[in-house]
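The values are calculated or read from the model by the stated rules, or taken from the named source; none is laboratory data. Quick caveat, the model's predicted, so the values are computed rather than measured. Because the Cβ atoms are built from the backbone with ideal geometry, glycine has one as well, and the counts that use them run over all protein chains shown. Ligands, DNA and RNA are stripped out before the accessible areas are found, and what is left, the full protein with its side chains, is counted by its heavy atoms. Shrake-Rupley method; radii C 1.70, N 1.55, O 1.52, S 1.80 Å.
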Amino acid sequence: MKERTLNIKDEIKTPLAVTSDKAKHIFESLSFAVSNDEVIYVDFSGIETLTTAFLNIAIGQLYSISDRNILNEHIKIIGKSLTPLQRKKVQLVMDNAKTKLSKEDIEGEL
């Protein structure tokens with residue numbers, strides 16, 4: 001598998017990870033990597049402001065297009081590039097995305 005690093009700040013050209021347009025760009029980059037069997041290391045270095053709204057689109061949405069095991073295999077978040085608060089936000093978004101999918105799976109079975 002091909003490996004590469006995606007620096008969020010460089011990719012969105014700002015230290016503010018807040019807008020849906022920028023988040024959609026990150027989502028598209030990450031989903032492209034997964035569909036092309038790449039491993040992508042997500043680097044948040046230099047990001048000063050990170051919102052859960054941004055993360056819901058950029059990362060949370062990935063759980064609606066792929067299995068969590070596949071995502072874990074292909075997308076690696078560089079933990080040391082996150083502040084403690086940013087890490088909590090990322091974890092919250094990932095947990096919510098997984099929970100939402102679980103509820104939808106259950107409802108789809110009924």
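What strands (runs of 3 or more DSSP E), lying completely within the stretch 1-101, carry at least 3 residues that are aliphatic (A, V, I, L, M) and touching a residue at least 24 places away in the same chain (Cβ under 8 Å)?
Because the criterion is at least 3 residues that are aliphatic (A, V, I, L, M) and touching a residue at least 24 places away in the same chain (Cβ under 8 Å), the strands (runs of 3 or more DSSP E) in the stretch 1-101 that meet it are 38-43.
Could we say that V18 is β-branched (V, I, T) and open to solvent by less than 40 Å² (accessible area, probe 1.4 Å) here?
Spelling it out, it is not the case that V18 is β-branched (V, I, T) and open to solvent by less than 40 Å² (accessible area, probe 1.4 Å).
Any idea how many residues of the stretch 24-71 are among the small types (G, A, S), within 21 Å of T99 (Cα to Cα) and open to solvent by less than 50 Å² (accessible area, probe 1.4 Å)? Quick ask: steps written out before the conclusion?
Residues of the stretch 24-71 among the small types (G, A, S): 29, 31, 33, 35, 45-46, 53, 58, 60, 64, 66.
Among the residues that remain, those that are also within 21 Å of T99 (Cα to Cα) are: 31, 53, 58, 60, 64, 66.
With open to solvent by less than 50 Å² (accessible area, probe 1.4 Å) added as a condition, the list becomes 31, 58, 60, 66.
Total meeting the criteria: 4.
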